[in-house]
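Data block below; observations after.
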Amino acid sequence: MTREEVLDSIKANVENENLIKHMLATEAIMRALAKRLGEDEEEWGLTGLLHDIDMELTGGDMSSHSKLGADLARELGASETMAHAILCHNEAHGVPLETKLDKALFCADPLTGLIVAAALVRPDKKLAGLEAKSVIKRFKEKSFAAGANREQIARCSELGLEFGEFIELGLEAMKGIAADLGL
Ligand SMILES: [Fe+2]
């Protein structure tokens, strides 16, 4: 499974540009996490890229979201490890996080939304000048980007990462693809 094949499948199944950007941002954070933790960057990156591929197909039905996604990922050639991470990133199925890949996707997913929201309230609406300490400040404001699940982000500790380091890593990863994100 190549990144190009994954992108083609995403284009065939997802129309919403913001959803595609979210998947690209998740990919970037997952690649950075894999690099930091000495894991397979391609495997982790493609898992992040694929994770919400079924969001429009399932119409937001949380009882099927990520089950279909895991099946689509398998059809594209994803490993069982990747499919499992995609399946359990949706807590609705009650499938426990087991592998490091499961845990990484689970905490990276909501971090993208927090960082995007923190960039968009800046006067220039850009990632370039955004600092990790500002993102951490926003994290503590519970009403700010309330959809970005704080408990889920904080579970980066299960990867052995300090919270501040995780935020910094995620922010730098997203800055690296700022143009693709339109930020
Ligand atoms: Fe997601």
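For this structure, a couple of remarks:
- If the chain linking residue 158 and residue 15 were pulled fully straight, counting 0.36 nm for each residue of separation and taking away their Cα-Cα distance, it would gain 48.1 nm.
- Averaging the sequence gap over all C-alpha pairs within less than 8 Å and six or more residues apart, then dividing by the number of residues, gives the chain a relative contact order of 22 percent.
- Toward the positive end of the charge dipole of the chain, with +1 on the Cβ of Lys and Arg and -1 on the Cβ of Asp and Glu, the farthest Cα among 25, 147, 121 is that of 121.
- Shown for segment 43-183: lysine pairs separated by 8 or more places, or found on different chains, whose C-alpha atoms are under 22 Å apart, numbering 15.
- Among complete DSSP H helices in the chain, those whose alpha-carbon atoms stretch at least 27 Å along the helix's long axis and whose mean Kyte-Doolittle hydropathy reaches -0.5 are 17-37, 100-120.
- With helices as the sole contributors, the chain gives -19000 deg cm²/dmol at 222 nm; each DSSP H run of n ≥ 4 counts as -39500 (n - 2.57), and the sum is divided by every residue.
- Here the spin labels are modelled as points 7 Å beyond Cα on the Cα-Cβ line, and at residue 91 and residue 42 they lie 3.4 nm apart.
- Distance between the C-alpha centres of segment 105-129 and segment 143-166: 13 Å, rounded to the whole angstrom.
- Calculated accessible area for segment 40-81 comes out at 42 Å² per residue, all protein chains present (probe 1.4 Å; ligands, DNA, RNA ignored).
- Contour excess over end-to-end distance, with Cα ends at residue 172 and residue 2 and 0.36 nm allotted per residue: 58.8 nm
- Here r is the Cβ-Cβ distance between residue 71 and residue 133 and R0 is 41 Å; the resulting FRET efficiency, rounded to 0.05, is 0.50.
- Using the average count of surrounding beta-carbon atoms within 10 Å as a protection proxy, the listed peptides 85-91, 118-124 rank, highest first, as 85-91, 118-124.
The values are calculated or read from the model by the stated rules, or taken from the named source; none is laboratory data. Everything numeric in this text was worked out from a predicted model, so none of it was measured. All Cβ positions, glycine included, derive from the backbone under ideal geometry; neighbour counts span all protein chains shown. The area values use the complete protein model at the heavy-atom level, side chains included, leaving out ligands, DNA and RNA. Shrake-Rupley method; radii C 1.70, N 1.55, O 1.52, S 1.80 Å.
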